[in-house]
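A short worksheet on the structure shown next.
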Amino acid sequence: MEEFKYGISKWLPYKNREISKKVAQIKKEELVKHKNPDFNIRIIRDSEFTFRYVLDIFLRIKKASESRKKLVLILPQPNPEYAKVAELINRFNVDCSKLWTFNMDEWADEDGVIAPDTWPNSFMNAMKNNFYYKINEDLRPPENQIIGPNEKNYKNYGDMIEEQGGADACYGGIGWCGHLAFIEPGSEEFAGGFEEWKEMGTRLVTLNPFTIAQSSLDPDFGMSGNWGIVPPRAVTIGPREILKSKLRCSWNGFSIANTQVSWQRFIVRLAAHGEVTPLVPASILQISRSELVISETVAADISYSREFNWYA
C-alpha cells in the first residue's frame with residue numbers, strides 16, 4: 001500500500017509523531033507503571049468512578065474536620081457531583097468551618113473581562129449552587145472561604161492560596177489538548193522555556209480550539225457542539241499554583257454519552273508517559289506527587305477498526 005505522510009494540525013503545538021505513536025500503543029496493564037514512585041496511577045471501574053471521586057473529596061474534608069485542621073482545596077468546575085459531597089457532609093454532620101476552596105479557573109470574554117458569579121454558566125455560580133448552598137448552614141464555612149478568580153483578585157490569586165498555607169490538594173482532569181486547568185499548550189500567555197513556565201502563575205489565557213470543542217459538548221453548553229456560545233478566553237491558575245500544591249489529584253473518566261468513545265484515551269497516555277513539556281501541560285503530573293485516576297473506558301487499549309461503522 002502506498003504510504004501517505006502528513007503533518008500534525010497547527011492547532012496542536014505538540015508535534016512529536018514518534019512519541020505520540022509510542023504512547024498510543026501503551027496497553028491498559030502498562031498504564032499504571034511509572035518510574036516516579038510518587039506518581040500513583042490507578043484504574044477503576046466506570047461504575048465506581050463518580051462514587052470514588054465524591055468519596056475522595058468527602059473523606060479529605062471529614063478527616064481534616066475531625067483533626068480540627070484547615071483544609072485548602074483547588075477544585076475544577078462545574079461539577080454537579082459536588083452536591084453529593086455536600087449531602088455526605090450533612091448526613092455525617094461534618095463541620096466545614098476550616099474548609100477553604102479555590103476554583104481552578106473562570107470564563108472570560110475576548111477582552112479579558114471575567115464572567116461574574118451572577119452568570120448561570122460561571123464557575124463560581126456552579127460552585128455556590130452545586131456545593132456551598134447545599135451544605136446545612138450550621139456546617140458551612142464562611143462564604144468568604146469559597147473563592148474563585150474574579151476581576152478584583154485574579155492578579156493576586158496565587159498569593160491568596162499561599163496565604164492560606166497553600167493547597168493541600170489540587171483536583172482536576174486532563175483536557176483534550178493536554179491542558180491542566182486552562183493552562184493551554186502553546187498559548188502566548190504561557191510562552192517560555194520549561195523552567196520559566198513552571199513559575200508562571202494565575203493569568204488570563206486564550207483558549208485552544210480543542211478546548212472550545214470539548215466545552216461545547218458539556219451539558220452547560222447544550223451537548224450539541226455549539227462552539228459559538230463557549231467563551232473564547234478564561235482566567236486560570238498557572239503551573240506555579242499546581243506544582244506548589246501538596247498533592248495533585250487528576251480524575252479522568254470522560255466518554256461520550258456513556259459509550260466507549262473517549263477523547264481522553266490518547267491524551268491521558270501522552271500526559272502520563274510522554275515528554276514532560278509545556279506543550280502538554282498535564283505532563284507535569286509526572287514530576288510531582290500526584291494521583292492519576294483513570295476509568296476503565298479511558299484506560300482501554302487504543303485500537304483502530306475499519307469494520308466499525310459510526311454512521312450505521
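The values are calculated or read from the model by the stated rules, or taken from the named source; none is laboratory data. As the structure is a prediction and not an experimental result, all values here were calculated from the model. Positions of Cβ are backbone-derived with ideal geometry, glycine not excepted, and every protein chain shown enters the neighbour counts.
So is Val72 hydrophobic (A, V, I, L, M, F, W, C), under 18 Å from the mean Cα position of the chain (by Cα) and over 30 Å from Val261 (Cβ atoms) or not?
Numbers: hydrophobic (A, V, I, L, M, F, W, C): yes; under 18 Å from the mean Cα position of the chain (by Cα): yes; over 30 Å from Val261 (Cβ atoms): yes.
When the stated conditions are applied, Val72 passes them.
Taken together, Leu285, Leu207, Leu247 contain a single residue that is surrounded by fewer than 17 Cβ atoms within 10 Å (Cβ to Cβ), touching a strand residue (DSSP E or B) at 6+ places or on another chain (Cβ under 8 Å) and not polar (S, T, N, Q), which is Leu247. Here the condition is being surrounded by fewer than 17 Cβ atoms within 10 Å (Cβ to Cβ), over 23 Å from Ile237 (Cβ atoms), hydrophobic (A, V, I, L, M, F, W, C) and more than 18 Å from the chain's Cα centre (by Cα); of Ile19, Ile26, Ile89, it holds for Ile19 alone. Within the stretch 8-47, count every residue that is closer than 12 Å to Ala272 by Cα and of a type in the set (D, E, K, R). Number satisfying all stated conditions: 4.
If you go through the stretch 78-129 and pick out every residue that is in a loop (DSSP other than H, G, I, E, B) and farther than 20 Å from Pro142 by Cβ, you end up with 18.
Which ranges mark the helices (runs of 4 or more DSSP H) fully within the stretch 230-312 that have 2 or more residues being closer than 30 Å to Ala115 by Cα and out of contact with any Cys (no Cβ under 8 Å at 6 or more places or on another chain)?
On the way: elements: 239-244, 264-273, 296-299.
Qualifying helices (runs of 4 or more DSSP H): 239-244, 264-273.
Beta carbons closer than 7 Å, at least 6 apart along the sequence or on distinct chains, pair a first residue in the stretch 1-12 that is of a type outside the set (S, T, N, Q) with a second that is modelled with pLDDT of 90 or more for Ile8/Lys15; Ile8/Arg17; Trp11/Asn208; Trp11/Pro209; Trp11/Phe210; Leu12/Cys177. Taking every residue in the stretch 200-227 that is of a type in the set (D, E, K, R) and pairing it with any residue that is part of a helix (DSSP H, G or I), at least 6 positions away or on another chain, the pairs with Cβ-Cβ distances below 6 Å are Arg203/Glu189. A Cβ distance below 7 Å, combined with a sequence gap of six or more or placement on separate chains, defines the contacts here; from the stretch 133-151, residues that are within 17 Å of Glu81 (Cα to Cα) reach residues that are assigned to a loop (DSSP other than H, G, I, E, B) in the pairs Ile135/Cys96.
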